[in-house]
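Shown next, in structure tokens, is the structure this report addresses.
The values are calculated or read from the model by the stated rules, or taken from the named source; none is laboratory data. Computed from a predicted structure; not experimentally measured. Every residue, glycine as well, gets a Cβ built from its backbone with ideal geometry; the counts of neighbours run over all protein chains shown.
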Amino acid sequence: MPRKKIPQKKITLFYPNKIKLSDLAHDVTNEYRGKIDQINFFLFFNILSAPYLTFNDEPAQYFQIHSDIIRCIFRSSCRKVIKDLVKAKYIQVNNGYSNALHICKSYRIHPDRIDLSTPFSFIEQEYNQHFERKLQTLKMLNFSQRKKDDEDDEQAKYMRGIINDNYKHVINQTSNLFLVPSNEALAYVTNECKRLNNPNPAEYYFTYFNSSPIKSIGVDAFGNRLHSVITNMAKIIRKCLRYQSSPAVRTIEIDIVNSQPFFLSAVTSELIAKYVPVASEAIPIFCKYENDNNFIKFKNYCRDGRIYEYLQAAYELDYGSVCKGTKEEQRDFTKTLTYSALFGDYELKDNTVLAGIKEIDAIKKQQFYLVFKEQFKAVYNLFKEVKALQWSFTVNNKGERKQYANNCLLAQRLESGVMYNQIISACVGSGYEEITTVHDCLLVREDEYSEIKEIAEKAFNEINLSPKFK
């Protein structure tokens, strides 16, 4: 009896429209026949096509790809393959490394291979188990991980210690997301393509997301936040996300009200010691202020989601309307002013003379800062002392000191520490696998919303935090 044929899996890979299969074989792939299948070359082109198939204002910029990914695709021949692709004018390489992490060379499709007036091309190819294992490996290769041989780099050691099993779980689940486009999402993508003069059909956006084996994911060195393809995805598109394990089940977000002010106000000496020990120098400062009634007032307004409204009302008593427009527009502007007051450079602001400012928005920012300073004097004093700490990890990639961002760093690292070490840990420990994050927000299956929300609330309460959820 003949053996039953196992159906082959297929993958859709995009590539520049001016690459011809016969030319590629003649120029490069024939040399590697028997060693590297053609599908690997198109996998590489598919990665480099991302800026052209998503909403990127400058798609021709160089695109960073970790060397581990290049090695995984082209194996031991990777250096020679890249050299040959450059020589044949399929790609260009920027030999400089990442300004932030000093790990990645940058690549882009050679301009001669792209016609921006026509859509990209794609191929559908069957693949074997060997290639499937490669795809699984690629899913877990992080674009922003440091090389393991950076033994003398303290920041490298720190980042390797941050990316624990909870981060890896979210990274893996993010790779397992796919999009089921709605009419509204298709219309949105169509309009975005028109705005950017992008000739690709709207359907390509969704096909590319669903077929690409690598979802761009990284952990930033400032706030330890996980950034992925869904982090800045428009909400109308994010509503179309599904987990591959449950394609018929919608996803839903469990989101914290006013999350950035909430986590900023949630910082305490105890939580710094537990989740941000690298910033332990700030512990005595918080011990001095965290029981002050003025700080507790600030904490309560942030937790209840009323801090923007409170500060806007205080501003309008002193200076009149915050801006023209609808209540929603006024609130959005107030939010911008609040962030400037909380996270700005206090030394600069305290030495700025209001009468000397001419630009209207700058005047409002300074006025709003003065209102904040008056309403929350203890909070202002606390933040000013924290901003004065000389931390090496708030020096930017140009070597410039950004100490005024110290309280922002504390808030973001607390958020990341709590979300991955407390909340994700509790949810996965309770058996809920399909869960990803958009910073402080959880993306879960709709049919598991109530259970996961209850677990998250309990996990927050265990560390004496009680955020409000939208």
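Filtering the stretch 212-240 to residues that are over 25 Å from P181 (Cβ atoms) and either touching a Lys or Arg at 6+ places or on another chain (Cβ under 8 Å) or not assigned by TED's automatic domain parsing to the domain that holds N183 (or both) leaves V219, G223, N224.
For the stretch 25-82, taking the residues that are among the basic types (K, R) and free of Cβ contacts under 8 Å to residues at least 12 places away in the same chain, the one that is farthest from N95 (Cα to Cα) is identified as R33. Out of the residues in the stretch 99-109 meeting the condition of being crowded, with 17+ Cβ neighbours inside 10 Å and modelled with pLDDT of 85 or more, tell me which one is farthest from N224 (Cα to Cα). The qualifying residue farthest from N224 (Cα to Cα) is I109. Selection of the stretch 442-454 for residues being surrounded by fewer than 19 Cβ atoms within 10 Å (Cβ to Cβ) and not basic (K, R) yields E446, D447, Y449, S450, E451, E454.
Let's see how each residue does on (1) in a helix (DSSP H, G or I); (2) at pLDDT 95 or above; (3) aliphatic (A, V, I, L, M):
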{"site": "D332", "(1), (2), (3)": "yes, no, no"}
{"site": "Q367", "(1), (2), (3)": "yes, yes, no"}
{"site": "E374", "(1), (2), (3)": "yes, yes, no"}
{"site": "Q390", "(1), (2), (3)": "no, no, no"}
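Among the residues making up the stretch 177-204, those that are in a helix (DSSP H, G or I), of a type in the set (A, V, I, L, M) and closer than 17 Å to Y52 by Cβ are V189, A202.
The helices (runs of 4 or more DSSP H) located wholly in the stretch 46-98 that include 2 or more residues which are surrounded by fewer than 16 Cβ atoms within 10 Å (Cβ to Cβ) and among the basic types (K, R) occupy 78-87.
If the condition is being of a type in the set (V, I, T) and under 24 Å from F206 (Cβ atoms), then the stretch 51-72 contributes T54, I65, I69.
The set of residues in the stretch 112-136 that are surrounded by fewer than 16 Cβ atoms within 10 Å (Cβ to Cβ), touching a residue at least 24 places away in the same chain (Cβ under 8 Å) and in a helix (DSSP H, G or I) comprises D112, E132. Kindly indicate whether A405 is at pLDDT 95 or above, of a type in the set (G, A, S) and either in contact with a Pro (Cβ under 8 Å, 6 or more places away or on another chain) or closer than 30 Å to F469 by Cβ (or both). Considered against the rule, which asks whether it is at pLDDT 95 or above, of a type in the set (G, A, S) and either in contact with a Pro (Cβ under 8 Å, 6 or more places away or on another chain) or closer than 30 Å to F469 by Cβ (or both), A405 comes out as no. Cβ-Cβ under 7 Å, sequence separation 6+ or interchain: first residue in the stretch 297-323 and under 22 Å from I363 (Cβ atoms) and charged (D, E, K, R), partner outside any helix (DSSP H, G or I) and modelled with pLDDT under 95. Which pairs? Qualifying pairs under 7 Å: E316/V322. Pairs meeting the criteria (first residue in the stretch 326-342 and closer than 15 Å to E316 by Cα and crowded, with 17+ Cβ neighbours inside 10 Å, second residue of a type in the set (S, T, N, Q) and modelled with pLDDT under 95, beta carbons under 8 Å, at least 6 apart or on different chains) are Q330/S321. Screening the candidates T338, T326 for the property of being polar (S, T, N, Q) and under 20 Å from Q260 (Cβ atoms) yields one hit, T338.
Checked against (1) within 27 Å of N172 (Cα to Cα); (2) touching a residue at least 24 places away in the same chain (Cβ under 8 Å); (3) surrounded by fewer than 18 Cβ atoms within 10 Å (Cβ to Cβ); (4) more than 23 Å from the chain's Cα centre (by Cα), K377 passes all but condition (1). Is there a residue being in contact with a Gly (Cβ under 9 Å, 6 or more places away or on another chain) and among the basic types (K, R) anywhere in the stretch 267-275? Yes - at least one qualifying residue is present in the stretch 267-275. Considering every residue within the stretch 350-363, establish whether at least one is in a helix (DSSP H, G or I), crowded, with 18+ Cβ neighbours inside 10 Å and out of contact with any strand residue (DSSP E or B) (no Cβ under 9 Å at 6 or more places or on another chain). There is no residue in the stretch 350-363 that is in a helix (DSSP H, G or I), crowded, with 18+ Cβ neighbours inside 10 Å and out of contact with any strand residue (DSSP E or B) (no Cβ under 9 Å at 6 or more places or on another chain). The single condition among (1) buried (at least 20 other Cβ atoms within 10 Å of the Cβ); (2) in a loop (DSSP other than H, G, I, E, B); (3) not β-branched (V, I, T) that Y420 does not meet is (2). Of everything listed in (1) surrounded by fewer than 20 Cβ atoms within 10 Å (Cβ to Cβ); (2) touching a residue at least 60 places away in the same chain (Cβ under 8 Å), the single unmet condition for I435 is (1).
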